[in-house]
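One structure below.
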Amino acid sequence: QGDWLALRPEGTAVLVRAGLQHDWFRHEQRFWYRGAMFRHERPQKGRYRQFHQIGAEVIGPQGPDVDAELILLAARLLQELGVGHLVRLKLNSLGSPASRHAHRAALLAYLRTQQLPHEALERAERNPLRLFDSKDENIRAVMAQAPCLQDYWDADSKEYFARLIALLQACGVAYDLTPQLVRGLDYYNLTVFEWVTDQLGAQDTVLAGGRYDALCALLGGAPYPGAGFAMGLERLLALMQVAHVAQSPLQAAVFVASMGEQARAMALGLGETLRTMLAEEVVMVHTGEGSFKGQMRRAERYGAKVVLLLGEEEVARQEVTIKSLQHQGKQQRVPMRELPNVLPRWLADASNLDQVALPC
Ligand code: HAM
């Protein structure tokens, strides 16, 4: 009651503030984060007051190769999430701070001579670039004649952008050069980018980011350069629905099925051993009632690559049956002590199949 709350609108400034306070940036750093963000915006489909982002930031190194690395990471993420074919990359450069300042002055001078609504003029005085984002037809017409940022790039900004484009072309990344792309946040310089889709209506940006070399200094720290991106999870999920990507609550690589009291106890112990052994994989052990057939269905629902079966016979002989859910149900009974040698091969086989099946 009566408390004041500060709700973070995004992760970048938050991370930079925390990093400066706790001295994380002495050495080059790469971060990722996930969490709820809050914005006091007019809610509409795809635009919420509370939403979630996954973000990545690189603080320390600077250069077009760092920007390309982030863009490639984002592209791979979208691809692997099954929505790569529904998005396209918009790319622009805001130039160096010096070229931005020169452009800002020219832009403001131009806008002051135009018949703009009072509110738009006020916005322009705060940040004239934002008017390039406007959805208002009259403002768009004014902005179409406005001084162009690209004409104010200095030689370094031009070279930086040319090198970035060469890197993206060499890696086969498709992009649309978009001179109007200025981004809503004020801390960017040089590279800015957005992945947009035509599947979600007006709120069409799924993932966005850019370089922010002045932010650390702006927040009172040393001038560490930075760059990164954030993806909106609500928009991502909406797009995954459009793409019919199955959203299983949990994906398990290995599913341990068992039948009988002794086997059930053995299965729990085996699950623990496998979780230690296969640190990267999710291992799920069936608990509760259920026939072998029902347990197999459960394994399929969790997308298991391999099922380990423990029945009375297996327990009596200290063996385990390995069954593939991909190679037409191929199966093999092995002594329990052999499992650490055999299981990784089965999982690797299954992953190879996965890769062949991935959409390109
Ligand atoms: P942003 O463009 O403000 O950038 O947000 C990134 C993404 O978060 C958007 O593309 C969108 O998918 C999602 N998003 C933003 N606002 C909302 C909202 N009200 N409702 C639903 N989704 C939303 C940033 O936040 C920067 N921190 C990105 C960045 C990281 N730049 C450098 N590093």
(message) Suppose we filter the range 20-39 for residues that are free of Cβ contacts under 8 Å to residues at least 60 places away in the same chain, over 25 Å from Leu236 (Cα atoms) and not in a strand (DSSP E or B); how many remain?
(response) 7
(request) Please go through the range 221-232 and pick out each residue that is more than 7 Å from the ligand (Cβ to nearest atom) and either among the aromatic types (Phe, Trp, Tyr) or in contact with a helix residue (DSSP H, G or I) (Cβ under 7 Å, 6 or more places away or on another chain) (or both). (result) Gly221, Ala222, Pro223, Tyr224, Gly226
(message) Between a residue in the range 219-232 that is without any contact (Cβ under 8 Å) to a residue 40 or more places away in the chain and any residue that is more than 8 Å from the ligand (Cβ to nearest atom) and not in a loop (DSSP other than H, G, I, E, B), which pairs come within a Cβ distance under 9 Å, given they are 6 or more apart or on different chains?
(response) Pro223/Cys216; Pro223/Ala217
(request) Report yes if Ile54 is surrounded by fewer than 18 Cβ atoms within 10 Å (Cβ to Cβ), at pLDDT 95 or above and within 12 Å of the ligand (Cβ to nearest atom), otherwise no. (result) yes
(message) Taking the conditions exactly as written (more than 19 Å from Asp349 (Cα to Cα) and of a type in the set (D, E, K, R)), does Arg297 satisfy them or not?
(response) yes
(message) more than 13 Å from the ligand (Cβ to nearest atom) and surrounded by 18 or more Cβ atoms within 10 Å (Cβ to Cβ): is that true of Leu168 in this structure?
(response) yes
(request) Filter the range 89-108 for residues that are free of Cβ contacts under 8 Å to residues at least 24 places away in the same chain and of a type in the set (A, V, I, L, M) and give the result. (result) Ala105, Leu108
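Condition check ((1) part of a loop (DSSP other than H, G, I, E, B); (2) without any contact (Cβ under 8 Å) to a residue 40 or more places away in the chain; (3) farther than 30 Å from Phe51 by Cα) across all residues:
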site: Ala238; (1), (2), (3): no, no, no
site: Gly288; (1), (2), (3): yes, yes, yes
site: Met296; (1), (2), (3): no, yes, yes
site: Gln328; (1), (2), (3): yes, yes, yes
(message) Here is a check on your reading of the model: is Phe255 crowded, with 22+ Cβ neighbours inside 10 Å, within 14 Å of the ligand (Cβ to nearest atom) and not in a helix (DSSP H, G or I)?
(response) no
(message) Name the single residue that is surrounded by the fewest Cβ atoms within 10 Å (Cβ to Cβ) among those in the range 311-329 being over 17 Å from Gly271 (Cβ atoms) and under 39 Å from the mean Cα position of the chain (by Cα).
(response) Gln328
(message) Let me confirm something: among Leu149, Leu207, Leu218, Leu185, which residue is among the aliphatic types (A, V, I, L, M), buried (at least 20 other Cβ atoms within 10 Å of the Cβ) and within 16 Å of the ligand (Cβ to nearest atom)?
(response) Leu207
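Residues checked against (1) touching a residue at least 40 places away in the same chain (Cβ under 8 Å); (2) among the β-branched types (Val, Ile, Thr); (3) surrounded by fewer than 20 Cβ atoms within 10 Å (Cβ to Cβ):
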position	(1), (2), (3)
Leu72	yes, no, yes
Leu81	yes, no, yes
Val87	yes, yes, no
Tyr110	no, no, yes
Leu121	no, no, yes
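The values are calculated or read from the model by the stated rules, or taken from the named source; none is laboratory data. All of these numbers come straight from a predicted model, not from anything done at the bench. Positions of Cβ are generated from backbone atoms using ideal geometry, with glycine treated the same way; all protein chains shown enter the neighbour counts.
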